[in-house]
1. Any chance you could count how many residues in the range 25-53 are at pLDDT 85 or above and open to solvent by less than 20 Å² (accessible area, probe 1.4 Å)?
2. Against the condition at pLDDT below 80 and more than 30 Å from the chain's Cα centre (by Cα), how does ALA136 come out, does it pass?
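The values are calculated or read from the model by the stated rules, or taken from the named source; none is laboratory data. None of these values were measured; they are calculated from a predicted model. We work out accessible area using only protein heavy atoms, side chains counted, and drop any ligands, DNA or RNA first. Shrake-Rupley method; radii C 1.70, N 1.55, O 1.52, S 1.80 Å.
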Amino acid sequence: MNTPIRLSRLRGAVVGGTSAVTGVLAHATAQGMLPETSVLLMVGAAAVAVGIGVRAAPSVRALPALVAGQALVHLLLVLTSGHHHDLFTAPMAVMHTAGTIAALLLLCGAEILVRAVSALAVRASSLRLRLRTGYAAVVVPAPPQAAPAALVFLGAVGRRGPPFSV
């Protein structure tokens, strides 16, 4: 598996997860209570869909993906809560903005870390392969052992064994 596939999976997971968490926290801050369990399940399903969409399109930049995920979760929570009059309040806006910025910083740091670890692993594996090709295997044949004739005759010691290459 190469690095761009890992990065698109990482980006999808971070965008989907942070969209759900910060969306629920923003609405809990603005309304003073958490949504119902069925609404949380719908938010989780929407977050998974956002993450899969981001993973499927690795050319999408992080900030637009985070903003789109926040908007989708916000719209879903507003429509299911029944409080359409508080579509966008100040505490909700602060939480959405803080969540988006924190997720962007987390995502950038994680991508830098994945690239660095991947480059280090490639360098270590190439060094190991280079060291292994420099060695030459030397096989020293063992001197033949003579068994007593009585043991060979009774079948206690056979002459069958792996062939020796000289």
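1. So the count comes out to 5.
2. Yes.
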